[in-house]
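Worksheet: the structure to be examined is printed underneath.
Every number here is computed from the coordinates shown, using simple stated rules; none is lab data. Being a predicted model, the structure only gives us computed values, none of them experimental. Note: ideal-geometry Cβ built from the backbone for every residue, glycine included; neighbour counts use all protein chains shown.
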Amino acid sequence: MNATHNNRFFQASLDLTDSIRMKIIQFAHILLSGDERKSWEFIEQQLVNGIHSTEIFCTYIPLAMTYIGELWIENAISVVDEHIASCVCDYLIMRYQAQYITPPDQQNCQAVVACVDGDPHELGAKLAVLLLNRHGLQTHYLGVHCPLHHFLAFISKWRPSIVALSVTQSHHLKKVQDYLEALQGLPYQPEIIVGGRLIHHLSYTSSKGAPNKQRLFFMQNLHELAGWLEQDYLPIKPE
Amino acid sequence: MAVCPDFSIPAPFFYVNTFYDILYQSEDAKRIFGEHANFFSLIDVESRRKFQRLAERRFEPQKFELLLNTVQSPAMLFDIHLKWNRDNHCSILCIEQSQRYQQITEVLTRFTQRLGMTNYDLLRRKEELERLLANLQQSNAQNDRLVELGRIAASIAHEIRNPLTSIRGLVQLLAPNLTSSAKLSYIDIIISEINRVNSIITEFLKTAKPAPPLKEAIPVTDLFAELELLCHSESLLQGIELVILPVDPSLMIYADRLQMKQVLLNMLHNAMEAISDLPNSRTGMIQFEAERFGRYVQIRIEDNGVGMDEQTRTHLFSPFFTTKNSGTGLGLSTCYHIVELHGGTIDVESTPGHGTVFRIYLPTVDKKPELS
Ligand code: B12
Ligand SMILES: Nc1ncnc2c1ncn2[C@@H]1O[C@H](COP(=O)(O)OP(=O)(O)OP(=O)(O)O)[C@@H](O)[C@H]1O
Ligand SMILES: [Mg+2]
């Protein structure tokens, strides 16, 4: 693949060393081979080598998928290959959670994540769930086919302190507005996060005024979420 | 004016100039995409650069996937067939993938859901087991190791087999849907991997704890007769001469009939495989004979196959030791175990390139065993 200014993968990996970039490319090819076991071994190997799991989930997996997206642009692979790589990522995420994350023992729901209804891209959302769980927050994932009214009903019932929405495709961006407006009608004020690579294209202007600005966050990537959880997020102490 | 291709084709078709201005567009194209002046305006923003790059390659026809906005919905997946002609006009045919695509999506979504239900803890234990097995394969397994392994395997095997079997069922169901995507190899890998694990476990359970033998007095000649019946056609098919020498009808062993058959069949299969591995085409021969040997019956199985080297001979009876690509390496370890349970033993003699003789010793029955 040529390192052109037009190439998303190279744009996104400018900060990385060549050797990490090569590792990620190697990882992308393992994902494309559909070999779950080898992919898992790759992850474990990185962990053994001292790579922090945050790097795996916020850099390696997203960038490997970006690289795969570029291969499609180059006509080197088809959407079917993207499917296969995505399945393997799914496997890695689930397996990591099963193996390394002790589920928080509270029986309530502290965070909820969903994709904008109709957007089938869910790896970003699933990785966000993983980060939240890892942070000790009991997190529910509502998936890719969760209509807005179900989403609201769920939130009203469980009152999670974090509500996160993931949007990937450009033509779903405008739906975010509906979600945000609806979330204003809630009887309490959760922290609201909207995540997506295109989120900077979104200019949210609510007819009813924006939700409490302090509690609305737009995040372009998962590093922002990880950082926010570490530094800024202060859970409301239950009285 | 340029010669126009046939626009009556019942498919979305465009005819464009170097600026991708649409010169002509088929009825189907109008129906699916609406009226456009330029082809770019119907491409999803994020795949425009793909189109740009590939469409510039003018010398050979191109085929690629592209996301197009239809009247019905944005970013639909199409196969694009594109060809430039001499007067710098370009024909673009757009075939929607949705049907094929939907099938694949469904298939993979279901598979992913199944993965979600996988018991990862079991999976880890399975991998540990396999690692243990790999280690054992290298070291010459001792009996106590075998017992330990048997214990672990028995506790895990039952649990693992169920989910694996259901995944296999699922994947097999899906395979036909995926043929067109040329991704069958992925499915094949899953299936063969699962089969392999299943067969290791099944075989292993057999090795680890063969059912206690149901012993009865059996004339060796009966055993040989059954063997001949079972293998006559197979050996004919492989062009192997199977010689079963007559046995004194009074020669009896006190043994489990099924397990003995399993032992002899394993030996026979190994011999056949040793012969089929021969580089030249000398006629393969396998000979079975049996005779009294003190208080024992000695059964000799001789073949003129590839034989084996020192290294192989010392590891022969270790579970999972194999020199074959598709072998489990459990055949002989099972045999050894069974014979041991019968109070007997096995030895082997072999010359690389010339052949192998296995000898099985089993206690004879001189008088009828007392009924208790
Ligand atoms: C993998 C993939 C798929 C997979 C998705 C599998 C899955 N289970 O998620 C499959 C094969 C199913 C797929 C399908 C389609 N895809 Co697709 N897909 C991709 C690909 C290659 C990678 C996406 C990905 O998973 N990246 C990895 C994740 C981790 O990254 P991410 O989603 O971008 O998330 C990051 C940020 O967005 C953010 N983020 C996301 N969510 C959240 C949430 C929170 C809380 C936070 C804090 C952050 C956050 O952080 C993440 C990490 O940085 C992209 C190419 C690309 N460059 O992105 C195309 C892409 C997204 N797909 C695209 C399209 C159009 C489709 C289809 C609609 C095409 C079609 N018609 O067939 C279909 C959908 C079919 C349908 N039913 O509608 C387009 C979108 C174009 C657009 N205009 O927006 C892209 C950009 C490809 C392209 N170049 O045209 N796709
Ligand atoms: N008759 C023979 N001639 C030459 N080599 C033999 C013979 N029998 C066994 N061997 C060697 O011993 C190894 C172990 O045999 P064993 O039956 O245990 O496993 P296998 O035949 O490799 O696998 P499986 O029985 O599962 O097909 C074989 O791989 C082969 O190298
Ligand atoms: Mg064998």
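Report, as an integer, the average count of C-beta atoms from other chains found within 10 Å of each Cβ along B:68-81. Write down the numbers at each step before the final one.
On the way: counts 0, 1, 0, 0, 0, 2, 4, 4, 0, 2, 0, 1, 1, 0.
Counting other chains' Cβ atoms within 10 Å and averaging over B:68-81 gives 1.
Full-extension gain between A:S170 and A:H145, please, as 0.36 nm times their residue separation minus the C-alpha to C-alpha distance.
Contour length minus the Cα-Cα distance gives 7.3 nm.
Roughly what would the spin-label model give for B:K324 and B:L230, points 7 Å off Cα along C-beta, in nm?
1.5
In nanometres, what is the gap between the two model label sites at B:V45 and A:D18, each 7 Å from Cα along Cα-to-Cβ?
Roughly 3.5 nm, to one decimal.
Between B:V357 and B:S276, take the C-beta separation as r, use R0 = 22 Å, and let me know the FRET efficiency to the nearest 0.05.
Values: r = 19 Å, r/R0 = 0.84.
With a Förster radius of 22 Å, E is 0.75.
Suppose we keep just the alpha-carbon trace of the range A:8-100; what are its Rg and Dmax in angstrom?
Every Cα atom of the range A:8-100 included, Rg and Dmax give 12.6, 37 Å.
Given N residues in the range B:216-363, what is Rg(Cα) / (2.2 N^0.38 Å)?
Details: Rg = 14.7 Å, N = 148, 2.2 N^0.38 = 14.7 Å.
With N residues counted in the range B:216-363, Rg over 2.2 N^0.38 Å equals 1.00.
If you wrap a convex hull around the C-alpha atoms of chain A and split its volume per residue, what is the figure in Å³?
Convex hull volume per residue, Cα atoms: 136 Å³.
Does the range A:111-231 come out rounded, prolate or oblate by the C-alpha gyration tensor, with a ≥ b ≥ c the root eigenvalues, rounded set by a/c under 1.5 and, if not, prolate when a/b is larger than b/c and oblate if not?
Details: a/c = 1.22, a/b = 1.10, b/c = 1.11.
Verdict is rounded for the range A:111-231.
When the helices in chain A are scored as -39500 (n - 2.57) per DSSP H run of 4 or longer and the sum is shared across all residues, what 222 nm value do you end up with, to the nearest 500 deg cm²/dmol?
-15000 deg cm²/dmol
Run through all the Cα pairs of the range A:91-134 and give the fraction in each 10 Å bin from 0, expressed as whole percent.
All Cα pairs, binned at 10 Å, distribute as 24, 51, 25, 1 percent.
Between A:Q99 and B:N88, how many nm apart are label points set 7 Å from Cα along the C-beta direction?
Between A:Q99 and B:N88, the label points sit 5.9 nm apart.
Taking the Cβ of A:K175 as the center, what net charge do the other residues with Cβ under 13 Å away carry, scoring Lys and Arg +1 and Asp and Glu -1?
-3
Peptides A:126-135, B:212-221: what's the order by average Cβ count within 10 Å, highest mean first?
Ranking, from highest mean packing down: A:126-135, B:212-221.
Between A:E41 and A:E224, what length in nm is gained on full extension when 0.36 nm per residue of separation is reduced by their alpha carbon distance?
Computed gain between A:E41 and A:E224 is 63.2 nm.
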